[in-house]
Amino acid sequence: MAWRIITHRCGHRERINVDGTYVVVEQRVRRAEESLCASCAGNISRRDNMLAGFCTLLGSKDQCDRAEPIRMRVLNQVEVLASHARIEDRDAFRELRRQVLCRDDAAWWIEHRNDAVTILAQDIEL
Ligand SMILES: [Zn+2]
């Protein structure tokens, strides 16, 4: 495996994999250089998520950094669904939103990054 040290937009350096065709590698390097490192992205998500009313996540720093953007995306999904919900379902969506805000296990968010809404909705019988 070939590696290159790149500098992210935030100034932090990271070793990234540069296996692949020239075009793919160049795009991968450019994308990494234009983005924040995982830690800085996690810090920004954490601040935004506190403002949105999320509880503090529990888990390792790395897990929390990865989980913050996931639960923000899930909250956005819930709000889109809620805005299209029938009047009689509004209470259920309010409860679903509350559960998204209160779920504090970072590892749970990572495990359920693609099905969190479904899992939570099953529990409250939406
Ligand atoms: Zn950084």
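Does VAL74 qualify as being free of Cβ contacts under 8 Å to residues at least 12 places away in the same chain and of a type in the set (A, V, I, L, M, F, W, C)? Break it down into steps so the answer makes sense when it comes.
Numbers: free of Cβ contacts under 8 Å to residues at least 12 places away in the same chain: no; of a type in the set (A, V, I, L, M, F, W, C): yes.
Taking the combined requirement at face value, the residue does not satisfy it.
Contact map, the stretch 31-47: first residue hydroxyl-bearing (Ser, Thr, Tyr), second residue within 13 Å of the ligand (Cβ to nearest atom) and assigned to a loop (DSSP other than H, G, I, E, B), Cβ cut-off under 9 Å, separation 6 or more or different chains; pairs are SER35/HIS8; SER35/ARG9; SER35/CYS10; SER39/CYS10; SER39/HIS12.
Please go through the stretch 19-70 and pick out each residue that is in a loop (DSSP other than H, G, I, E, B) and either within 18 Å of VAL100 (Cβ to Cβ) or within 16 Å of the ligand (Cβ to nearest atom) (or both).
The initial filter retains those residues of the stretch 19-70 that are in a loop (DSSP other than H, G, I, E, B), namely 19-21, 35-37, 53-57, 59-60.
Residues satisfying the conditions are SER35, LEU36, CYS37, GLY53, PHE54, CYS55, THR56, LEU57, GLY59.
Does at least one position in the stretch 102-123 carry a residue that is aliphatic (A, V, I, L, M), within 16 Å of the ligand (Cβ to nearest atom) and in a helix (DSSP H, G or I)? No, because not a single residue in the stretch 102-123 is aliphatic (A, V, I, L, M), within 16 Å of the ligand (Cβ to nearest atom) and in a helix (DSSP H, G or I). Of all the criteria given as (1) more than 21 Å from the chain's Cα centre (by Cα); (2) modelled with pLDDT under 95, the one not satisfied by ARG15 is (2).
Taken together, the criteria exclude CYS64 from residues that are within 30 Å of ILE6 (Cα to Cα), surrounded by fewer than 17 Cβ atoms within 10 Å (Cβ to Cβ) and not charged (D, E, K, R).
Given the criterion among the small types (Gly, Ala, Ser), open to solvent by less than 70 Å² (accessible area, probe 1.4 Å) and in contact with a strand residue (DSSP E or B) (Cβ under 6 Å, 6 or more places away or on another chain), identify the matching residue among ALA41, ALA52, ALA32. Let's see the steps before the verdict.
Details: ALA41 fails: in contact with a strand residue (DSSP E or B) (Cβ under 6 Å, 6 or more places away or on another chain); ALA52 fails: in contact with a strand residue (DSSP E or B) (Cβ under 6 Å, 6 or more places away or on another chain).
After applying the criteria, what remains is ALA32.
Just to be sure, is ALA92 free of Cβ contacts under 8 Å to residues at least 40 places away in the same chain and not in a helix (DSSP H, G or I)? Here the answer is no, as ALA92 does not meet what is asked.
Counting only residues that are of a type in the set (Gly, Ala, Ser) and more than 16 Å from the ligand (Cβ to nearest atom), how many does the stretch 1-18 have? Spell out how you get there, then give the answer.
Step one: of the stretch 1-18, the residues of a type in the set (Gly, Ala, Ser) are 2, 11.
Of the ones still in play, those that are also more than 16 Å from the ligand (Cβ to nearest atom) are 2.
So the count comes out to 1.
Of the residues making up the stretch 69-116, those that are small (Gly, Ala, Ser) and more than 26 Å from CYS40 (Cβ to Cβ) are ALA82, SER83, ALA85, ALA92.
The values are calculated or read from the model by the stated rules, or taken from the named source; none is laboratory data. Not measured: the values here are computed from a predicted model. Every residue, glycine as well, gets a Cβ built from its backbone with ideal geometry; the counts of neighbours run over all protein chains shown. We work out accessible area using only protein heavy atoms, side chains counted, and drop any ligands, DNA or RNA first. Shrake-Rupley method; radii C 1.70, N 1.55, O 1.52, S 1.80 Å.
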